[in-house]
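Since every read-out is calculated from the coordinates, none of them should be taken as a lab result. No experiment lies behind these values; they were computed from the predicted model shown. As a convention, Cβ positions derive from the backbone with ideal geometry for all residues, glycine included, and neighbour counts pool all protein chains shown.
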Amino acid sequence: MRSSHRILIWLALLTASLGVAVGQTSGNAEDPVLAADAAWLKVYAAKDLDKSVAFCDDEGSMLVPGSPIATGKAAIAKAIASDFANSDLVWHPNKSGVARSGELGYTSGTYEMRLKSAPGKTILDKGKYLTVWKKEADGSWKVLFDMFNSDLPPS
């Protein structure tokens, strides 16, 4: 009897642990942040300035290498417009998280940028990025801070 009792306890514990694991993988707190990141990439890749800026918080900032911090939607719009005019950008999130409070989240990953340089040359830049997201009162996620830097040595 003791052997069958142990087996039943072991099966109960295994079933309970599988239930916890399934519960942890479905409905992750990060899912809405990743969805916002993907939606932002879609409008960014389409070079839609108004929709791209709309993903940013009113107090948001972009920290672009070689430039002063762009804070507020007007400054961010200038930074993004410059990017649209001079490059094509794609990013790939590979990490995300949400603070226990649920008010802040992040996405990070890699990017590839094709920069237009002098006389028709294109330069390929690859690097990493970090975006901090803020949850708005309506439940949407907006960019609070966005920064990136190259993996390539300075030219």
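Overview of values
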item	result
Cβ-Cβ FRET estimate between Lys126 and Ala74, R0 fixed at 35 Å, reported to 0.05	0.75
Per-pair calculated FRET efficiency, R0 = 41 Å: Ser155 and Asn28 via Cβ, rounded to 0.05	0.55
Estimated vicinal HN-Hα couplings, Hz - region 116-129 in sequence order (Karplus 6.51, -1.76, 1.60; Gly, Pro = x)	8, 10, 3, x, x, 8, 10, 10, 9, 10, 10, x, 10, 9
Relative contact order of region 26-150, pairs being alpha-carbon contacts under 8 Å that are 6 or more residues apart, as %	26
For region 35-48, Karplus couplings with θ = phi - 60° (6.51, -1.76, 1.60), whole Hz, Gly/Pro x	5, 5, 4, 5, 5, 5, 4, 4, 6, 5, 5, 7, 6, 8
Rounded if a/c under 1.5, otherwise prolate or oblate - region 51-155, Cα gyration tensor axes	prolate
